[in-house]
Amino acid sequence: MRHTLRFLLGHDLVELGEVDPTQTVLEWLRRDAHRWGTKEGCAEGDCGACSVVVVRPEGGRLRADAVNSCIQFVGTLDGAQLLTVEDLKGPDGRLHRVQQAMVDHHGSQCGFCTPGFVMALYAMDRRGEAVTYETAVDEIAGNLCRCTGYGPIVEAALAMRGTEGAGEHLSGREAEVMARLEALDDGQDLMVGKDGRTFHAPASLDALAMLYAGNPGAALVAGSTDVGLWVTKQDRPLDPVIWLGRVKELRRIEERTDAVVIGAGVSYTDAMAKLGEMYPEGGELIRRLASVQIRNTGTIGGNVANGSPIGDSPPFLIAADARVVLRYRGERREVAVEDFFISYGEQDRRPGELVEAIVLPRPKPTEHLACYKISKRFDQDISAVCGGFRVRVEKGVVKDARLAFGGMAGTPKRAKAAEAALVGRPWSEDAARDAAAAMEGDFRPLTDQRASAAYRMKVAQNLLVKFWYETHGEGGQIRLVGPRRVVHG
């Protein structure tokens, strides 16, 4: 057991023996490290002013991810390198080429949001991928600007590769950083704390299972995209906190003949490519459910485990007939995702039992599957209604139907009356409309700040008819999922 948190701040080793388990990275940077370039805007991972880059070894290389420091706990930095906007300028005073591109293209006015934009673009630049308008817009969807607007910032993103500026002081030391980070990965469980409260980071799945079974009231943290708000918005004094980020077994994606097993610690970013390969609609759903910063840390396992009735992944997983693998000490069991949600705030999970993985079946050639997210904004918004539909059609007749919704009940839930109205009938518009009408018997949605009950019901019904138009072979694609252009002037 190790009792010292260790990470690199830039190229300086930081060792902390006393750590508040819920102190955020942003708080530590501003109050303890005196790095004030990183700003606090929303304190909930929406505005991106707090964006920093976290670097970790992966597959023999360094992986650099932009994250929201306002909701990440400082303990989650163990074994990583933390880069802030102060690290980008060269020792000779030259701006990094990303910063220089922002200057050259007038990408900043008041400057409050600028460090976050710079760090998000730095992470994209460091990956070395081709930058297009679409990829640039997607990269900064989690960064808000109220002054300049996105036009000049997107222009800076497109031009930054050809911009002169510093950068060698970072790129030239990557081998050194790799060696130092690998040396920090000692395989020991970590426990640090302050004022009697503790932060744990077990290094294996067995250690995690035993620790959680012995502390069933602990707060399990994967990406902190939900738990972080318990602290910043609700002031909840969590104790103990157990971080899953050092458990390598939870970050695996296992290929099986009939299914893919996604570990509970696999980030949205890492799951998106596999889901997009198997279920293109699932990959597109993940692209819309959050910003790059949130996708880099948030997990599908966490989205299921927190049991939110408006989580975006459960309707898709229920439609796909996915299962949850649960672990208690050395015992495992599986339960269908749809059966995991019992009622609002209650899941089929006993105290000390954790979500280990999601088992996602491979689609069959006779199946149609689609996902739809209805929200006020296209990017990074909470759903009013989210639907996941799968219909198996053989010789023109519906043999099986799974229609699942979020935002329509106290849990993600199937529309079983609507399903019964489809099965055994030809896959036709009349059948789809009859099933939509039958949905009145499935749900009694609530009215809240996002949508009225009547709106939710009408949208859910219309989505089913839309699904028929898109899948029966003649309707084609009728959704806005392609490139978006931001209009200026």
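Some points to look at:
Yes or no, residue by residue, for (1) in contact with a Lys or Arg (Cβ under 9 Å, 6 or more places away or on another chain); (2) more than 17 Å from Arg126 (Cβ to Cβ):
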position: Val25; (1), (2): no, yes
position: Leu29; (1), (2): yes, yes
position: Glu44; (1), (2): yes, yes
position: Val53; (1), (2): yes, no
position: Pro57; (1), (2): yes, no
position: Leu62; (1), (2): yes, no
position: Asp65; (1), (2): yes, no
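- Pairs with Cβ under 6 Å, 6+ apart, first in the range 1-12 and basic (Lys, Arg), second at pLDDT 95 or above: Arg2/Gln188; Arg2/Leu190; Arg6/Glu15; Arg6/Leu184
- Conditions (1) closer than 25 Å to Arg2 by Cα; (2) under 18 Å from the mean Cα position of the chain (by Cα); (3) aliphatic (A, V, I, L, M); (4) not in a loop (DSSP other than H, G, I, E, B): number failed by Leu26: (2)
- Single residue of the range 401-434 satisfying the filter (of a type in the set (Asp, Glu) and out of contact with any Leu (no Cβ under 9 Å at 6 or more places or on another chain)) that is surrounded by the most Cβ atoms within 10 Å (Cβ to Cβ): Glu429
This table checks each residue for (1) over 24 Å from Val337 (Cβ atoms); (2) at pLDDT 95 or above; (3) part of a helix (DSSP H, G or I).
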{"position": "Asp430", "(1), (2), (3)": "yes, yes, yes"}
{"position": "Met457", "(1), (2), (3)": "no, yes, yes"}
{"position": "Tyr469", "(1), (2), (3)": "yes, no, yes"}
{"position": "Gly489", "(1), (2), (3)": "yes, no, no"}
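- Listed by position, the strands (runs of 3 or more DSSP E) contained in the range 324-373 that have at least 2 residues being touching a strand residue (DSSP E or B) at 6+ places or on another chain (Cβ under 7 Å) and surrounded by 13 or more Cβ atoms within 10 Å (Cβ to Cβ) are 331-336, 354-361.
- For the range 44-60, filtering for residues that are in a loop (DSSP other than H, G, I, E, B) and either crowded, with 19+ Cβ neighbours inside 10 Å or among the polar types (S, T, N, Q) (or both) leaves 6.
- Qualifying residue in the range 94-117 (condition: closer than 30 Å to Ala183 by Cα and free of Cβ contacts under 8 Å to residues at least 60 places away in the same chain): no
- With respect to the stated conditions, Arg35 fails to be in the same structural domain as Thr232 (by TED's automatic domain parsing), more than 18 Å from the chain's Cα centre (by Cα) and surrounded by fewer than 17 Cβ atoms within 10 Å (Cβ to Cβ).
- Being more than 25 Å from Leu354 (Cβ to Cβ), in a helix (DSSP H, G or I) and touching a residue at least 40 places away in the same chain (Cβ under 8 Å) is a description that applies to Glu182.
- Residue ID - surrounded by the fewest Cβ atoms within 10 Å (Cβ to Cβ), chosen from residues in the range 252-308 that are in contact with a Cys (Cβ under 8 Å, 6 or more places away or on another chain) and of a type in the set (Asp, Glu): Glu284
- Scanning the range 185-223 for residues that are touching a Pro at 6+ places or on another chain (Cβ under 9 Å) and assigned to a loop (DSSP other than H, G, I, E, B), we see that the one that is farthest from Tyr328 (Cα to Cα) is Asp185.
- Selection over the range 214-262 of residues that are touching a Lys or Arg at 6+ places or on another chain (Cβ under 9 Å), charged (D, E, K, R) and either under 21 Å from Ile294 (Cα atoms) or assigned by TED's automatic domain parsing to the domain that holds Val54 (or both) gives a count of 1.
- Scanning the range 412-426 for residues that are in a helix (DSSP H, G or I) and either without any contact (Cβ under 8 Å) to a residue 12 or more places away in the chain or over 31 Å from the mean Cα position of the chain (by Cα) (or both) yields Ala417, Ala420, Ala421, Leu422.
- Cβ pairs under 8 Å, 6+ apart, first in the range 228-246 and of a type in the set (Phe, Trp, Tyr), second part of a strand (DSSP E or B): Trp230/Ala219; Trp243/Phe73; Trp243/Phe199; Trp243/His200; Trp243/Ala201; Trp243/Val221
- Whichever residue in the range 125-144 is under 21 Å from Leu88 (Cβ atoms) and modelled with pLDDT under 90 and, among such residues, is surrounded by the most Cβ atoms within 10 Å (Cβ to Cβ): Glu129
The rows are residues; the columns are (1) free of Cβ contacts under 8 Å to residues at least 60 places away in the same chain; (2) over 29 Å from the mean Cα position of the chain (by Cα).
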{"position": "Lys376", "(1), (2)": "no, no"}
{"position": "Asp381", "(1), (2)": "yes, no"}
{"position": "Val398", "(1), (2)": "yes, yes"}
{"position": "Leu403", "(1), (2)": "no, no"}
{"position": "Gly410", "(1), (2)": "no, no"}
{"position": "Ser428", "(1), (2)": "yes, yes"}
{"position": "Ala432", "(1), (2)": "yes, yes"}
{"position": "Gln449", "(1), (2)": "yes, no"}
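- Options Ile286, Ile318: the member that is in a helix (DSSP H, G or I), of a type in the set (Val, Ile, Thr) and at pLDDT 95 or above: Ile318
The values are calculated or read from the model by the stated rules, or taken from the named source; none is laboratory data. As the structure is a computational prediction, the values presented were derived from the model and not from experiment. Neighbour counts run over all protein chains shown; Cβ positions are idealised from the backbone, glycine included.
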